[in-house]
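A.B. asks: The structure is given below, and queries will be raised subsequently.
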Amino acid sequence: RILIADPHWPNKASEGRADDIRTCIACTQSCVGHVDLGMGVGCIYNPVTGRELEWSELPPAEVEKKVVIVGGGPAGCEAARIAAERGHTVVLFEKGPRLGGQINLVMRTPAREIFEEIILFFERQLAKLGVDLRLEREATAEDVLAESPDAVIIATGSAPFRPEVLGANQKHVLSARDVLMGNAEIGQRVLVVDTVGRAEAPTVAEYLVDQGRQVEIATGLEYVGRHMPGPAWHNLTEQLLKKGVALTPFTGVWEVLEDSVDAYNVVTWEPRTIENVDTVVLAAGGEADDALFRDLLSKLPEVYSVGDCFQPRDIELAVVHGHQVAREI
């Protein structure tokens, strides 16, 4: 897996270029995970792996431009790296105190501290390439226009998606991101609702159970984490079972009440009331935060949206998208 993440690892090490190495984070999302899907091997944050025929060479830009990027998540960081490597002058606005976007939340969950290696790689590379990095700056359209850019890439990510569940607007209904940000009031008995089948629900459930809470995950899918890569799913599910998390498949949520949840079996339609629920956590993915992109479309000739701002997906596809767009500028 080390050479899947960075096939140039031996050369970089022998040349004393350890800071240029992409560290394998053992996520198995795009290597083993791709094989499970019948796809070619890839890497969660090396978009060239598996695309060597098209992307092994990175040609310099025919015309050097000033490129302004808004958003320092995986898509924005990769776009900045590639644009700068090609010779463009790059300004990157990020509203938070650090690059990484949602990776900063992922690395707070149990046994996932190594995801920080993705952020560290981008921090090293963007500094080396001279990217003008402006942290804690939530850029407006006026801020972008004031830079007189030749091209703009909007990578403002996504907001948590709230499925159409009755009662979902109540105070005790949170998103997984609310929980991991650490500023939400959470009760002792928690129901996590998994609508996407990826790592979001099981990882936040493990985070909560490790805090001593009683946790159940309900999903309408055949099992929790249905769309996770096999090895990661197995390891995480084993931990959840050992820690006493209840895993309830084939279960849709109809309505959230004050201290209970009305649910139903998605196959038989048999109703069930889940009693004694203090907090409901929705693990439902995201919806694009594309307001700035739409605002700038009519004001500049070359504006792109990448990553979750274009369509909420995952780290791998965000990095691929940022890489692709930066190649085309």
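The values are calculated or read from the model by the stated rules, or taken from the named source; none is laboratory data. Note that the structure is predicted; figures quoted are calculated from it, not measured. Glycine gets a Cβ as well: all are built from the backbone with ideal geometry, and neighbour counts include every protein chain shown. In case anyone asks, the SASA skips ligands and DNA or RNA and just uses the protein heavy atoms, side chains included. Shrake-Rupley method; radii C 1.70, N 1.55, O 1.52, S 1.80 Å.
A.B. asks: I'd like to check one number: the per residue accessible area of the chain, probe 1.4 Å, reported in Å² as a whole number. Mind dumping the intermediate values first?
C.D. replies: Details: 15650 Å² over 329 residues.
Roughly 48 Å² per residue, with all protein chains present.
A.B. asks: Same structure, new question: Within the stretch 138-171, which GluC sites (Glu not before Pro) sit in a loop by DSSP and count at most 11 neighbouring Cβ atoms inside 10 Å?
C.D. replies: Working: sites: Glu138, Glu142, Glu147, Glu164; in loops: Glu138, Glu147, Glu164.
Passing sites in the stretch 138-171 are Glu164.
A.B. asks: Expected output is a single nm value to one decimal: the length gained when fully extending between Ile114 and Lys95, i.e. 0.36 nm times separation in residues minus the C-alpha distance. What is it? Display every interim value, and only then the final one.
C.D. replies: Numbers: separation 19, 0.36 × 19 = 6.84 nm, distance 2.33 nm.
That pair, Ile114 and Lys95, stretches by 4.5 nm at full extension.
A.B. asks: Determine the share of the stretch 155-311's accessible area contributed by carbon and sulfur atoms, expressed in whole percent, with a 1.4 angstrom probe. Let's see the in-between values first.
C.D. replies: Details: 3930 of 7750 Å².
Answer for the stretch 155-311 is 51 percent, counting heavy atoms of protein chains only.
A.B. asks: Moving on. In terms of solvent-accessible area of protein heavy atoms at a 1.4 angstrom probe, what is the ranking of Ile2, Ile69, highest value first? If you can, show how the numbers build up before the last one.
C.D. replies: Values: Ile2 95, Ile69 0 Å².
Of Ile2, Ile69, the descending order of accessible area is Ile2, Ile69.
A.B. asks: Here's another thing I want to ask about it. As a test question: what accessible area, to the nearest 10 Å², does Tyr304 have when a 1.4 Å probe is rolled over all protein chains in place?
C.D. replies: Tyr304 exposes around 60 Å² with every protein chain in place.
A.B. asks: Looking at the chain as a GNM with Cα springs under 10 Å, which of Met228, Met107, Met39 has the largest mean-square fluctuation?
C.D. replies: Per the Cα network of the chain with a 10 Å cutoff, Met39 tops the list.
A.B. asks: May I ask you to compute the full-extension gain from His234 to Asn169, defined as 0.36 nm times their residue separation minus their alpha-carbon distance, rounded to one decimal in nm?
C.D. replies: On the way: separation 65, 0.36 × 65 = 23.40 nm, distance 3.34 nm.
Result for the pair: 20.1 nm of gain on full extension.
A.B. asks: Once you've got the GNM for the chain with C-alpha springs shorter than 10 Å, pick whichever of Ser158, Ser14, Ser260 has the biggest mean-square fluctuation.
C.D. replies: Of Ser158, Ser14, Ser260, the Gaussian network model singles out Ser14 as fluctuating most.
A.B. asks: State, to one decimal in nm, how far the label point of Arg51 lies from the label point of Asn11, with both points 7 Å from Cα in the Cβ direction.
C.D. replies: With each label placed 7 Å out from Cα toward Cβ, I get 2.0 nm.
A.B. asks: Report the Cα-based extents of the stretch 143-191 along its three principal axes, largest first, to the nearest Å.
C.D. replies: So the extents along the principal axes, rounded to whole Å, are 52, 25, 13.
A.B. asks: Could I ask something else about it? So between Leu58 and Ala159, what do we pick up on full extension, going 0.36 nm a residue minus the alpha carbon distance? Intermediate values should be presented prior to the final figure.
C.D. replies: Values: separation 101, 0.36 × 101 = 36.36 nm, distance 3.28 nm.
Result: 33.1 nm gained on full extension.
A.B. asks: Here is a follow-up. Kindly write out, for the stretch 207-213 in residue order, the coupling ³J(HN,Hα) from the Karplus curve 6.51 cos²θ - 1.76 cosθ + 1.60 (θ = phi - 60°), rounded to whole Hz, with x marking Gly and Pro.
C.D. replies: Taking θ as phi minus 60°, the curve returns 4, 6, 5, 5, 8, x, 8 Hz for the stretch 207-213.
A.B. asks: Separate question: Rounded to the nearest 500 deg cm²/dmol, what is the calculated helix-only ellipticity per residue at 222 nm for the chain, with -39500 (n - 2.57) per DSSP H run of length n ≥ 4? Please list the in-between numbers first.
C.D. replies: Numbers: 13 runs with 104 residues, N = 329.
Value at 222 nm, helices only, nearest 500: -8500 deg cm²/dmol.
A.B. asks: So which lysines pass the test for Lys299, namely a Cα distance under 26 Å, with those fewer than 8 places away in the same chain ruled out?
C.D. replies: Answer for Lys299, where 26 Å is the Cα cut-off: Lys65, Lys66, Lys95, listed by chain and number.
A.B. asks: Over all Cα pairs of the chain, how is the pair count split among 20 Å bins, expressed in % and running from 0 up to the last occupied bin?
C.D. replies: Bin by bin from 0 Å, the calculated values are 30, 53, 16, 0.
A.B. asks: Oh, and also: Evaluate the charge dipole of the chain about its Cα centre and quote only its size in Debye, nearest 20, assuming +1 on the Cβ of each Lys and Arg and -1 on the Cβ of each Asp and Glu.
C.D. replies: Details: 31 positive and 50 negative charges, 114 e Å.
Charge dipole of the chain: 540 debye, to the nearest 20.
A.B. asks: What do you get for GluC sites (Glu not before Pro) in the stretch 226-329 restricted to DSSP loop and a cutoff of at most 15 other Cβ within 10 Å of the site's Cβ?
C.D. replies: On the way: sites: Glu238, Glu255, Glu258, Glu275, Glu287, Glu302, Glu316, Glu328; in loops: Glu258, Glu275, Glu302.
Taking the stretch 226-329 and a limit of 15 other Cβ atoms within 10 Å, the loop GluC sites (Glu not before Pro) found are Glu258, Glu275, Glu302.
A.B. asks: Restricting the calculation to Cα positions, tell me the Rg (one decimal) and the Dmax (whole number) of the stretch 233-329 in Å.
C.D. replies: Every Cα atom of the stretch 233-329 included, Rg and Dmax give 20.6, 55 Å.
A.B. asks: Springs between alpha-carbon atoms under 10 Å, Gaussian network over the chain: tell me which of Val152, Val63, Val144 tops the mean-square fluctuations.
C.D. replies: Between Val152, Val63, Val144, it is Val63 that shows the largest mean-square fluctuation.
A.B. asks: Rank Lys243, Lys95 by accessible area, highest first, at a 1.4 Å probe radius?
C.D. replies: On the way: Lys243 70, Lys95 130 Å².
Ranked list, largest accessible area first: Lys95, Lys243.
A.B. asks: Just to verify a number: FRET efficiency for Lys66 and Glu287, C-beta to C-beta distance, R0 = 25 Å, to 0.05?
C.D. replies: Numbers: r = 31 Å, r/R0 = 1.22.
With R0 = 25 Å, the Cβ-Cβ based efficiency is 0.25.
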